1. Using 7 Å Cα-to-Cβ label points, what is the residue 179/residue 299 separation (nm, one decimal)?
2. Can you give me the distance in nm between label points at residue 313 and residue 15, each placed 7 Å from the Cα along the Cα-to-Cβ direction?
3. Can you work out the FRET efficiency for the pair residue 270 and residue 237, with r the C-beta to C-beta distance and R0 = 25 Å, to the nearest 0.05?
4. Ranked highest first by average number of other Cβ atoms within 10 Å, how do 164-172, 320-328 line up?
5. Each label point is 7 Å from the Cα along the Cα-to-Cβ direction; what then is the distance between the points at residue 67 and residue 187, in nm?
6. Per the Kirkwood treatment, what hydrodynamic radius in Å, one decimal, follows for segment 203-351 from the mean inverse distance over all distinct Cα pairs?
Amino acid sequence: MEENKKFLNLNKRQVFNIFFVSILLILLYHLVRIFSPFIAPIFLAISFAIIFHPLNFFLRKKDFNPSLAAGLTTMSVFLTVIIPMLLFGWLLFKETRDIYPRTVAYLNQNTGINLTIRLPKILPVSEFDLKEIALKNVEDIQDKIIKSGTRILRNIFFIIVDFFVMIIMLFFIFRDGDKLLKWIIEITPMDPDHKYRILNQFYLTVIAVVKGLLLTAAIQGMAGGIGYYIAGAPSPVLLGMFTSFSAIIPFIGTSTVWIPLSLGMFIFESHISGIFIFLWGSLVVGLLDNVLRPILIGREAKLPVFLLFIGIFGGLRIYGPLGLFIGPILISMVMTFLQIYREHIAKTKFN
């Protein structure tokens, strides 16, 4: 009789556990779906929170109210990171947009060369009507703009929403992040040593990615400035600074500076200078990014360079710009879990 009661109690406990876990998984699934559109701003908020944590901690130690300290730290992120990036992006867009009309105007007015006469001789075409081609292209562009107007407005709206989500998330991480972290540690079913080890590796990897990104950008800027100086480009120091800023942008990076510059030097100054800047940018400045970044991140995060090399480029290919962070973090987390398995679980199982 007692055995039957124990069996019934055990069955009730199992039914409860299955029911509870099933409901929890369903809730978590829908919660992930709700949060999935905001993965990018949430991830950026977490990264900025880790980077600017020392400032927030310093303000807390100076007896600032938690909300005030969080607000001041969030404002610091906004002023020192976001505003400069937006200004640089706008300047880059403006300069790139104006390059073609300025080049045409210069050639037509200052060199006596009319593109409508020269282009038919340069390009391998039998009939060349520049005006007709230009009008057709303008008409096509106008048609595309009208058709995609709603989509462009929708994208702008979601960019603004993502920005505000990131700022709000950043504020609450600064204010309540310690409580949230403590809660996550408490509910995670792992040994305390393993929990702190995983969190520490996550922290080290984010810091390593940021340090690697900034240091690589600085070195690329210096290398670019040296090349611009050798080629006789105007304001090589300023152009080197622009190269450093542009190096942070994934995919296009420093090419947004040295390609227009090489074109301008080729047309306005010297063919040799233009070719030199193009080769210097593609073979020296561009390769520094691919070689240095995995080495610097690997040294800081204590991870194999060849895995990071694949992780960074694979992450960029799959996740876009966020892959620069996600790739190394995934590699570091997998390596940490495998080390924990090898040191504890595998030894216990096979010994």
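1. 4.2
2. 5.8
3. Computed FRET efficiency for residue 270 and residue 237: 0.75.
4. The peptides rank, most packed first, as 320-328, 164-172.
5. Each label point is offset 7 Å from its Cα along the Cβ direction, giving 2.5 nm.
6. Numbers: mean 1/r = 0.0601 Å⁻¹.
The answer is 16.6 Å.
All of the numbers you see were taken from the coordinates with simple rules; none came from a lab. It should be emphasised that the depicted structure is a prediction, and the values quoted were computed from it without experimental measurement. Using ideal geometry, Cβ is built from the backbone for each residue, glycine included, and neighbour counts are taken over all protein chains shown.
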